[in-house]
Amino acid sequence: MKLTAVLLLTALAAMPQQLVLRAARLFDGQSETLQTPGIIVIEDGRITGVGPSATVKPGGKMIDLGDATLLPGFMDAHVHLTGEMGLDSRQSIIEGQARTSAETALLATKYLRVTLHAGFTTVRNLGAYDFVDVALRNAINRGAIEGPRILAASKSLGSLGGHCDSMNGVAPDFYGREPDWKDGIVNGAESARQAVRYNVKYGADVIKVCATGGVLSRNNDVDSPQLTQIELDSIIDEAHAKGKKVAAHAHGATGAKRAIRAGIDSIEHGSFLDEEALTLMKQKGTFYVPTLHAIWSLEEAQKKGSVMDPRTKAKMAMAGRRIGETFRSAAARGIRIAFGTDAGVGIHGTNAEEFVLMVKGGLKPIDALRAATSVDAELFGIASEVGTLETGKIADIVAVPGNPVDDIAQTRNVFFVMKDGKIVKNSK
């Protein structure tokens, strides 16, 4: 009898403990309305029940979060976790060039933590030098450091002298050589394929291309096309053959249209997209990641007296005048809008400001919430695991006060974060 009791207690101890989260309401990541009350049951890192009909076992631990809304862990499709732009953008670039990979990784641990604690449990890091984002991803996956789940792009691919050429803005003999495909610089179809293969070999989850100029690069127009059609065709064909999605930094319409025709998975920024580009995106199902947060961050920095290269300031003003119009046009056409911020240009941890900007731009609050959950999960190719609160999914869950559909700004106030079924923040 005693042996039976011992065996029973041992068996019970070995069973995964059930955790039940309860709040006033719940957004499952895909519905048009919220559920009330919000109930989620978690076991062994996975969701085993959602809603009042979920099976709650005796002895399970209940966490009542009160007048709050439970949501899937937020996602951000466009971050740069290995740096953060200061108020002096020129000095930030110089300091970045002087950092070793080790220092970059150590500084990034702060950005990882604040991003996760803001409720963003999964991100795409779209560009990093020396495979630092791959290293950060691996360290997080091993449990060595705290941070969101990372899909790493490693080196952004672009043209010589273009937005993604990290050797821009210095004398020709400063580095002693010109960058090549190992540095992400492609010249022709073959080097484009080599660059993709090189990134994938060393751990890239997603490929990032610079199809046009950018705001912060120092020697190119913000909307100029920078890769040929055959180069983009080669990059995207090679990446897709290896099961990798491709994101295109593209402010200008011509470069964006080349990327869309080549089969790009997402257009990032898209400040100057024209009617033809938007029509192509709708036809092909291309995702749009507007990164409204980036221009907003630069404009906010200007109010605080930031020092900026005059050329950069002019490009920022050009993009700022057009991005709102483009966003409204894309939303009106029913183009799939995904959530991304370009955090790193702005301050890490303020990612939720994108929700507010999206709603100000005309998106319904429920659609903004979907953009950062189920839509991003589909874009990332991981919708079978995360992005919605459903039985069997990984327990990535956040909670905000009140009702974010009534007040989208509540997304700035995440007070509960769970990743992989583990509570990483509960400040209630």
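The values are calculated or read from the model by the stated rules, or taken from the named source; none is laboratory data. Predicted model, so just to flag it, every value in this text is computed and none were measured. Cβ: placed from backbone, ideal geometry, glycine included. Neighbour counts: every protein chain shown.
Yes/no per residue for (1) assigned by TED's automatic domain parsing to the domain that holds LEU126; (2) touching a Ser or Thr at 6+ places or on another chain (Cβ under 8 Å); (3) modelled with pLDDT of 95 or more:
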site	(1), (2), (3)
VAL20	no, no, yes
GLU32	no, no, yes
GLY49	no, yes, yes
THR55	no, yes, no
HIS78	yes, yes, yes
THR104	yes, yes, no
LYS110	yes, no, yes
Kindly check whether there is at least one residue in the range 171-184 that is crowded, with 23+ Cβ neighbours inside 10 Å, in the same structural domain as GLY340 (by TED's automatic domain parsing) and either over 30 Å from PRO72 (Cα atoms) or not hydrophobic (A, V, I, L, M, F, W, C) (or both). yes
Answer yes if at least one residue in the range 333-349 is in the same structural domain as HIS251 (by TED's automatic domain parsing) and part of a helix (DSSP H, G or I), and no otherwise. yes
Please count how many residues of the range 358-401 are more than 14 Å from the chain's Cα centre (by Cα), aliphatic (A, V, I, L, M) and more than 20 Å from GLU32 (Cα to Cα). 2
For the range 317-327, indicate whether the set of residues that are farther than 30 Å from ILE207 by Cβ, assigned to a helix (DSSP H, G or I) and small (Gly, Ala, Ser) is non-empty. yes
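Would you pick out the residues in the range 108-160 that are outside any helix (DSSP H, G or I), crowded, with 19+ Cβ neighbours inside 10 Å and hydrophobic (A, V, I, L, M, F, W, C)?
Correct list: ALA118, PHE120, VAL123, LEU126, ALA128, ILE150, LEU151, ALA152, ALA153, LEU157.
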Among the residues of the range 38-45, are any surrounded by fewer than 20 Cβ atoms within 10 Å (Cβ to Cβ), at positive phi and modelled with pLDDT of 85 or more? yes
Restricting attention to the range 272-304, and to residues there that are among the hydroxyl-bearing types (Ser, Thr, Tyr) and part of a loop (DSSP other than H, G, I, E, B), which single residue is farthest from ALA319 (Cα to Cα)? THR286
Which residue out of ILE267, ILE295, ILE236 is in contact with a Gly (Cβ under 6 Å, 6 or more places away or on another chain), buried (at least 24 other Cβ atoms within 10 Å of the Cβ) and under 19 Å from ASP76 (Cβ atoms)? ILE295
